[in-house]
Amino acid sequence: MSVNFVADSVLESEGPLASLLGLFQGADVGFGNEGEGQRRVRNRISTRHEFPYRLKLEPFEDGEDFVRSNTEQYVQGRDISDEGFGFYHEEPLPYKKVYLTAADHRLDRLGLDDLKLLLTLRWCRFIRPGLYECGGKITWA
């Protein structure tokens, strides 16, 4: 069943995320009922939508090219909105900005195999040993 993730007001807005969120319009992402996978928390401006996909994470330094590390680091997407993105990871992150790219074959079916996001991290928290949660503002998509 299809889930309509994107409100018309988001699609009409301009910005780096409007076109990305537009790809979810009418997409079959494997959720059950209409509206399932959407979260709205009091005092948040934007509705968050579940984004359960694996992404590759690379640190980013302002004024420089992407910093490549010898070890690949992957994160699990949590949610996405027209302003931000949240994800889970295994170790604390010492970065302020990260570059996320698609690393999940399910994104291919949605036409998002070339997904690239630059994220300015705003918060991080410890959940339990081996599990952390981070979120931030999407500065480029």
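Throughout, read-outs are computed from the coordinates displayed, never taken from laboratory work. Source: prediction; values computed, not measured. Methodologically, a virtual Cβ is constructed for each residue, glycine included, from the backbone with ideal geometry; neighbour enumeration extends over all protein chains shown.
Here are some notes:
- The range 74-88 - phi-based ³J(HN,Hα) in whole Hz, Karplus 6.51/-1.76/1.60, Gly and Pro as x: 10, 10, 10, x, 10, 7, 9, 9, 6, 10, x, 8, x, 8, 9
- Electrostatic dipole magnitude of the range 70-123 [Cβ: Lys, Arg +1; Asp, Glu -1; Cα centre; debye, to 20]: 180
- Around TYR88: net Lys/Arg minus Asp/Glu count, Cβ-Cβ under 12 Å: 0
- Other residues with beta-carbon under 15 Å from the beta-carbon of ASP113 carry, at +1 per Lys or Arg and -1 per Asp or Glu, a net charge of +2.
- Nonlocal amide H pairs with LYS97, under 5 Å, H built at 1.01 Å: PHE60, LEU121
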